[in-house]
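Take a look at the structure below.
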Amino acid sequence: MSLLRETVLEHHLNSLSSLALARSSATMRVAEDTAANLPWYVVHTKVRQEQTACENLARQGYAVYLPRIKRLKRIRGRQQAQKEPLFPRYLFLQPGSSAHSIAPVRSTLGVTTIVRFGQEPAVMRPEILSSIIDFEARWNEAGDEKISPFQPGERVRVVDGPLSGLDGLISGVSQERVVVLMQLLGQDTRVSLSHHQLLVVS
């Protein structure tokens, strides 16, 4: 694990602390566990093996947390929401007890190593972990416009179809369609278009 990668991860985790609004019951459990000297560590996994690492670590009695958020993916020509790791190749791990060693983690299938800052394993501060839990919950509860590549109010240009070359303002977003407010024949008209037909105009 390079120092640069660790520094970038730490920056992202710290930046999320400002996103917390209120602690959920899961957040409170995390805070209580950490206060009881059961720290949460940061684990680096192999490429696209986050779930494999989670399953194998759980079998060894560790508590494992892999934050996942909805993202829009184009599948067979259609935009579909799928959950993906918030931090690709990273997850959080807590020993089952104060006597539970983290030494076996590195040799677990799917795991690369435990992230270290200097010589010590990286330990998540309770408030940052709480923020991540809150952020994950609020993101996944949000409407499709929160995960679309387009946002209401953005100016876009049609790049495909009979209206190609015309500009408009986004007034609504769903997983498959974008509603654009356009000037057609001197009138404001709402037009429903596919995501692939649009390009954001800076």
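The values are calculated or read from the model by the stated rules, or taken from the named source; none is laboratory data. Quick caveat: nothing in here was measured; it's all calculated off a predicted structure. Heads up, the Cβs are rebuilt from the backbone with ideal geometry, glycines too, and the neighbour counts pull from every protein chain shown.
I'd like the residue in the range 110-127 that is surrounded by fewer than 18 Cβ atoms within 10 Å (Cβ to Cβ) and either of a type in the set (Gly, Ala, Ser) or in a loop (DSSP other than H, G, I, E, B) (or both) and, out of all such residues, is nearest to the chain's Cα centre (by Cα).
The extreme case among them is 125.
Residue by residue through the range 85-109, note down the ones that are surrounded by 15 or more Cβ atoms within 10 Å (Cβ to Cβ), among the polar types (S, T, N, Q) and either not in a loop (DSSP other than H, G, I, E, B) or not assigned by TED's automatic domain parsing to the domain that holds residue 70 (or both).
Residue satisfying the conditions is 94 alone.
Here's a check for you: in the range 165-202, which residue that is outside any strand (DSSP E or B) and loosely packed, with under 12 Cβ neighbours inside 10 Å is modelled with the highest pLDDT?
To start, the set of residues in the range 165-202 that are outside any strand (DSSP E or B) comprises 165-166, 174-176, 185-186, 195-197, 201-202.
With loosely packed, with under 12 Cβ neighbours inside 10 Å added as a condition, the list becomes 165, 185-186, 201-202.
Details: 165: 92, 185: 80, 186: 81, 201: 87, 202: 69.
Out of the qualifying residues, it is 165.
Can you spot a residue in the range 128-144 that is modelled with pLDDT of 90 or more, more than 23 Å from the chain's Cα centre (by Cα), surrounded by 16 or more Cβ atoms within 10 Å (Cβ to Cβ) and assigned by TED's automatic domain parsing to the domain that holds residue 57?
no
Among the numbered conditions (1) part of a strand (DSSP E or B); (2) more than 27 Å from the chain's Cα centre (by Cα); (3) not aromatic (Phe, Trp, Tyr), tell me where residue 162 comes up short.
(1)
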